[in-house]
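Engineer: One structure coming up, written as structure tokens, with questions to follow.
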Amino acid sequence: MRFLLDTSIVSAPIAATPNPAVVAKLQLHGHEACIAAPVWNELLFGCARLPAGRRRDLLHSYLRDVVEVAFPILPYEAAAAVWHASERSRLERLGRTAPFVDGQIAAIAHTAGLTLVTVNVRDFKPFAELEVVDWSRRSSRRNS
């Protein structure tokens, strides 16, 4: 595996207007990608909170038949928890507070040695020693 996909990337193909750059990168690199357990949670929660109907049924099918089948789901393990705690305390000393789930996702990417792929690069920029790319643009921005 090379890439850990954030929720923004995994959900892009089923957006009302899918981002063609993200879809192309997923087609090219999907076999080298995985997701984090917190991303899986966000996807399932987003689906479950939709009202019953066609949109929720389509999303549920996409999650079950595409995402769960195509992307291994990495857990939030002890090594990730240690790194996450260290980063949370470092950021807090700097007066910054990152969302807890973003920290979990960053920690899983960092401890697994994976590049984090997201549309929301700014959300992950505060984390140290984390490679982040944005597949929604022609040129990818890195934060190493």
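Engineer: Only one residue in Val101, Val82, Val119 is at pLDDT 95 or above, under 13 Å from Ser8 (Cβ atoms) and surrounded by fewer than 17 Cβ atoms within 10 Å (Cβ to Cβ). Which one?
Structural biologist: Val101
Engineer: Also, I was wondering about something else. Report every pair of residues separated by at least 6 positions or lying on different chains whose Cβ atoms are under 8 Å apart, first residue within the range 109-122 and without any contact (Cβ under 8 Å) to a residue 40 or more places away in the chain and farther than 13 Å from Ser136 by Cβ, second among the aromatic types (Phe, Trp, Tyr) and assigned to a helix (DSSP H, G or I).
Structural biologist: His110/Trp83; Thr111/Trp83
Engineer: Any chance you could count how many residues in the range 104-116 are buried (at least 18 other Cβ atoms within 10 Å of the Cβ), of a type in the set (A, V, I, L, M) and part of a helix (DSSP H, G or I)?
Structural biologist: We begin by selecting, within the range 104-116, every residue buried (at least 18 other Cβ atoms within 10 Å of the Cβ); these are 104-111, 114-116.
From the residues that got through so far, the ones that are of a type in the set (A, V, I, L, M) too are 105-109, 114, 116.
Then keep just the ones that are part of a helix (DSSP H, G or I); that gives 105-109.
Matching residues across the range 104-116 total 5.
Engineer: Continuing with this model, one more query. When the residues of the range 49-75 are narrowed to those that are under 16 Å from the mean Cα position of the chain (by Cα) and assigned to a loop (DSSP other than H, G, I, E, B), which ends up surrounded by the fewest Cβ atoms within 10 Å (Cβ to Cβ)?
Structural biologist: If we take residues in the range 49-75 being under 16 Å from the mean Cα position of the chain (by Cα) and assigned to a loop (DSSP other than H, G, I, E, B), then Pro72 is surrounded by the fewest Cβ atoms within 10 Å (Cβ to Cβ).
Engineer: Take the residues in the range 85-98 that are part of a helix (DSSP H, G or I) and of a type in the set (Ser, Thr, Tyr), then tell me which one is surrounded by the most Cβ atoms within 10 Å (Cβ to Cβ).
Structural biologist: Applying the filter and picking the extreme gives Ser86.
Engineer: Spot the failing condition for Ala16; the list is (1) surrounded by 15 or more Cβ atoms within 10 Å (Cβ to Cβ); (2) out of contact with any helix residue (DSSP H, G or I) (no Cβ under 6 Å at 6 or more places or on another chain), and only one is missed.
Structural biologist: Answer for Ala16: the failing condition is (1).
The values are calculated or read from the model by the stated rules, or taken from the named source; none is laboratory data. None of these values were measured; they are calculated from a predicted model. Every residue, glycine among them, receives a Cβ derived from its backbone with ideal geometry; neighbour counts consider all protein chains shown.
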